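Just so you know, all these numbers are worked out from the coordinates, no wet-lab data involved. Just so we're clear, the structure is a prediction, and the values are computed from it rather than from any experiment. For neighbour counting, all protein chains shown are included, and Cβ atoms are generated from backbone atoms with ideal geometry for every residue, glycine included.
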Amino acid sequence: MTPVLTGVGGALFWAQGGAMAWRMRMALVGAMALFLVAAAVGWAVGGRPAVSVVAVAWDGVLALLSVVALARLGATRWAAQFVLLPLLILLEGIVLVRPAMSARWGIGLALLAVAGVYLLLQREDEAETTLR
């Protein structure tokens, strides 16, 4: 649910005024209503689902923090987490497992590092969009 809620929050946050924003908001509300109807039907057919309130609350907190990060960083810089986390996992694997390093490993790690740095750098055209 975290990626879904983050996407919904990001879309609502960055929506521009006008007819297009109204349509997008109505589509999101419709999708939410459809999800609630499907959940209610599942509840009626299969009985009460086992739901952890703490897990749902943490999902909400993660979604809120993701939307706040998206608003402050911008979409490009926010996407850096999807490059830096695999890089960190690979580096930990190299330290812990000590596999035989090849040129392919080195080039792949270098590409991930360069991509992460590139995504984290704030460009001039993004400077005004992150301040609004």
Problem - Cα shape, the range 74-132, gyration tensor, a/c 1.5 rule - result: prolate
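Quick one: order 92, 124 by neighbouring beta-carbon count within 10 Å, fewest to most.
Details: 92 10, 124 6.
If I rank by nearby Cβ atoms, fewest first, I get 124, 92.
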